[in-house]
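Structure first, then comments.
The values are calculated or read from the model by the stated rules, or taken from the named source; none is laboratory data. Just so it is clear, the structure is predicted and the values come from calculations on it, not from any experiment. Backbone-built Cβ (ideal geometry, glycine too); neighbour counts: all protein chains shown. Surface areas here come from the heavy atoms of the whole protein model, side chains and all, with no ligands, DNA or RNA. Shrake-Rupley method; radii C 1.70, N 1.55, O 1.52, S 1.80 Å.
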Amino acid sequence: MGCAQNGDLELEGGLYVKGSEPHTYLVIEDQKSHKIYKIQNAKRFKLGQRQKEIVKLKAKLVKKAIGPGFPAVVEVVEVK
């Protein structure tokens, strides 16, 4: 996980669906840190269609992780 000049996160990793119906959500697992980030606005960038692909994202941290099962939440700014 790298930080850009304005505090955005630079994430690169696989996109996966977590949770069970009807409470599923899309996450990215960062390749470098192996941390998982829940993506708050995945539909806006149609990221659900790119599951299991390795993608690069610029994102803003919305909420820090609070323990197992409660990953940090990010909002995607740009898909690279």
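General observations
- Any chance Q31 is more than 24 Å from S20 (Cβ to Cβ) and either open to solvent by 60 Å² or more (accessible area, probe 1.4 Å) or in contact with a Leu (Cβ under 9 Å, 6 or more places away or on another chain) (or both): yes
- Pairs, first under 22 Å from R44 (Cα atoms) in segment 64-76, second of a type in the set (D, E) and open to solvent by 20 Å² or more (accessible area, probe 1.4 Å), C-beta under 7 Å, six or more apart: none
- If you go through segment 43-56 and keep only what is touching a helix residue (DSSP H, G or I) at 6+ places or on another chain (Cβ under 9 Å) and either among the basic types (K, R) or at pLDDT 95 or above (or both), you end up with just V55.
- Within segment 15-33, residues that are on the phi > 0 side of the Ramachandran plot and among the small types (G, A, S) have Cβ atoms under 9 Å from residues that are surrounded by 12 or more Cβ atoms within 10 Å (Cβ to Cβ) and assigned to a strand (DSSP E or B) in these pairs: G19/Y25, counting only partners at least 6 apart in sequence or on another chain.
- Unique match (being open to solvent by less than 60 Å² (accessible area, probe 1.4 Å) and either in contact with a helix residue (DSSP H, G or I) (Cβ under 9 Å, 6 or more places away or on another chain) or not in a loop (DSSP other than H, G, I, E, B) (or both)) among V17, V62, V74: V74
- Any hit, segment 42-50, residues being hydrophobic (A, V, I, L, M, F, W, C), open to solvent by 60 Å² or more (accessible area, probe 1.4 Å) and under 15 Å from K80 (Cβ atoms): no
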